[in-house]
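Step one of this worksheet: look at the structure below.
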Amino acid sequence: MQDGIKAPTDLLIGGAFRPAESGRMLAVEDPATGETLAEVANGSVADAQAAVDAAHAALRGWRAASAYQRSAILRRWYELQIADRDNLARLMTLENGKPLPESQTEVDYASSFVEWFAEEAKRVYGRIIPATRADKRLLVLRQPVGVVAAITPWNFPAAMITRKVAPALAAGCTVVLKPAPETPLTALRLGQLLVEAGAPVGILNVVPTTDAAMFADAWLGDERVRKITFTGSTAVGKELMRKASTHVQKISLELGGQAPYIVFDDADLDLAATAITTAKFRNAGQTCVAANRILVQEGIADAFTERVVDLVERMRVGKGSDEGVQIGPMINERGRQKVLSHVRDAVAQGAGIRIGGGELTGPGYFVAPTVLTNVSPKMLVMREETFGPVIAIARFRDEQEAVDLANDTEFGLAAYFFTKDATRAWRVSEALEYGIVGLNDGAFSTAQAPFGGYKESGLGREGGHEGIDEFLETKFVSWGAVGTGI
Ligand code: SIN
């Protein structure tokens with residue numbers, strides 16, 4: 001690893017860093033060069049179980065701590081993340097490939113969840129319900145669900161962790177975390193910062209592994225684990241849901257998206273074109289909320305396309321640590337081949353390439369930012385998540401057709417649309433079958449608001465006030481014989 005960058009390489013279990021029980025290691029690769037950056041302990045089933053033992057042992061003390069005590073630890077964790085911003089950002093750029101300014105923004109985004117849930121910890125309210133009998137009191141209590149298993153992806157190596165772990169800890173739960181094997185260093189560093197924040201031993205255990213299925217079996221087969229929270233593919237989410245039925249564990253899923261990006265002919269075209277550079281090229285298009293199907297009203301399609309091509313021409317692709325780079329590599333060769341296969345399929349079915357269209361020569365997994373025109377609904381770019389820097393532009397005639405095209409998918413995570421008409425703004429916001437709608441906005445993600453999808457894009461919400469509810473049980477206490485008052 002580069003000089004001066006700090007990250008542990010052992011598993012964090014029970015408040016201490018230790019090697020994997022099997023002694024196995026996993027190689028972490030720099031996607032900008034294909035070279036190995038570091039070797040990290042590769043957890044086995046014994047480590048998965050040891051992590052649950054530690055989280056379970058920690059639960060009694062952590063759930064009994066006051067909300068203010070939990071809040072103070074989270075606040076300190078937040079402050080340490082801010083102090084470590086440069087280190088965390090450089091780590092993320094190394095193991096994920098995203099440009100350094102984007103990594104810095106991700107540290108801010110990730111830590112904002114910790115700050116937000118440090119406050120929300122203090123606002124977990126129960127209620128008292130008026131009873132039908134005068135000598136009864138009906139109380140509703142909110143209590144932590146217990147040990148939580150969190151499984152997180154590589155595309156946001158910090159934020160997808162804090163958005164799960166912070167509300168879980170705030171609620172009084174303890175956590176076992178399996179970060180993506182592509183980006184374990186950021187996860188281990190976050191764990192180390194929590195230990196430095198004075199966290200009680202075992203409230204967060206971080207266990208990277210290359211054996212995701214074995215971990216899922218170990219955690220979903222353990223009745224001490226009461227909640228699974230996962231971000232990743234819909235296929236894996238469905239499998240986890242099936243397995244969670246054995247012990248009826250609670251489950252939150254943040255799964256795939258197929259975001260439509262609708263530009264109406266009354267939109268501010270400069271705004272719509274500029275916003276797509278974030279909605280599409282953030283993390284080189286490797287986000288679940290990436291604009292995937294660009295639907296443009298026919299009268300303005302050429303003008304919009306020209307603006308977008310002009311912006312894309314000026315975007316710099318390269319190693320995330322190089323000055324001025326805006327688009328980094330795909331995470332690996334498999335990711336790159338998927339993007340290229342979508343482009344080939346579109347071209348074979350009649351799409352035109354306005355710019356880009358292929359891989360970049362040299363080391364690393366780079367794909368040129370691409371704009372495709374004459375795109376139609378049967379193409380892969382319109383049916384599946386491309387997860388890469390490809391803008392695929394299709395045309396529509398009227399509002400009803402745009403909404404029908406947008407909703408014609410099993411996914412329902414995020415949708416974007418651009419209009420200056422306030423009545424249309426209402427109508428279309430309500431008609432879109434999506435958990436998140438960006439109205440004249442290409443960047444909506446924020447800790448204060450609920451994030452999650454309709455349909456096969458998931459279950460539950462992260463962030464916002466809703467984010468902590470996912471980690472709370474509701475208990476009803478019916479208190480009799482209290483007397484009838486004076
Ligand atoms: C994701 O891609 O799943 C997360 C994107 C975000 O938080 O904005």
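Derivation of every value follows stated rules applied to the coordinates shown; laboratory data play no part. Model, not experiment: these values are computed from the prediction. Here Cβ is always computed from backbone atoms with ideal geometry, including for glycine, and neighbour counts include all displayed protein chains.
Worth a mention:
- Within-10-Å neighbourhood charge of T287 [Cβ basis; K, R +1; D, E -1]: +1
- Inter-centroid distance (Cα atoms) of region 70-129 relative to region 321-371, Å: 31
- Counting only alpha carbon atoms, the long axis of helix 45-64 and the longest principal axis of the chain meet at about 60°.
- Degrees separating the helix 85-96 axis from the principal Cα axis of the chain, which is the longest one: 60
- Overall form of the chain: oblate. Here a/c, set by the Cα gyration tensor axes a ≥ b ≥ c, is 1.5 or more, and a/b is not larger than b/c.
- The local environment of L12, defined by Cβ-Cβ distances under 11 Å, has a net charge of 0 under the rule Lys, Arg +1 and Asp, Glu -1.
- With semi-axes defined as the square roots of five times the eigenvalues of the C-alpha gyration tensor, the equivalent ellipsoid of region 259-439 measures 26, 17, 15 Å, largest first.
- The GluC sites (Glu not before Pro) of region 150-258 meeting both criteria, a DSSP state outside H, G, I, E and B (loop) and at most 12 other C-beta atoms within 10 angstrom of the site's C-beta, are E223.
- Spin-label model, S233/T105: points 7 Å from Cα along the beta carbon direction are separated by 2.8 nm.
- Farthest toward the positive end of the dipole of the chain, out of A303, T105, T234, is the Cα of T234, where the dipole comes from beta carbon charges about the Cα centre.
- Spin-label model distance (nm) - S376 vs A134, 7 Å beyond Cα toward Cβ: 7.7
- Checking every one of the chymotrypsin sites (Phe, Trp or Tyr not before Pro) in region 115-221 against DSSP loop status and a limit of 13 other Cβ atoms within 10 Å picks out Y125.
- Relative to the longest principal axis of the Cα atoms of the chain, the long axis of helix 159-171 makes an angle of roughly 20 degrees.
- Counting Cα-Cα pairs of region 212-332 in 10 Å increments starting at 0 gives whole-percent bin shares of 12, 30, 22, 20, 13, 3.
- Over 21 Å between alpha carbons, listed pairs K98/K378; K227/K475; K178/K238: K98/K378
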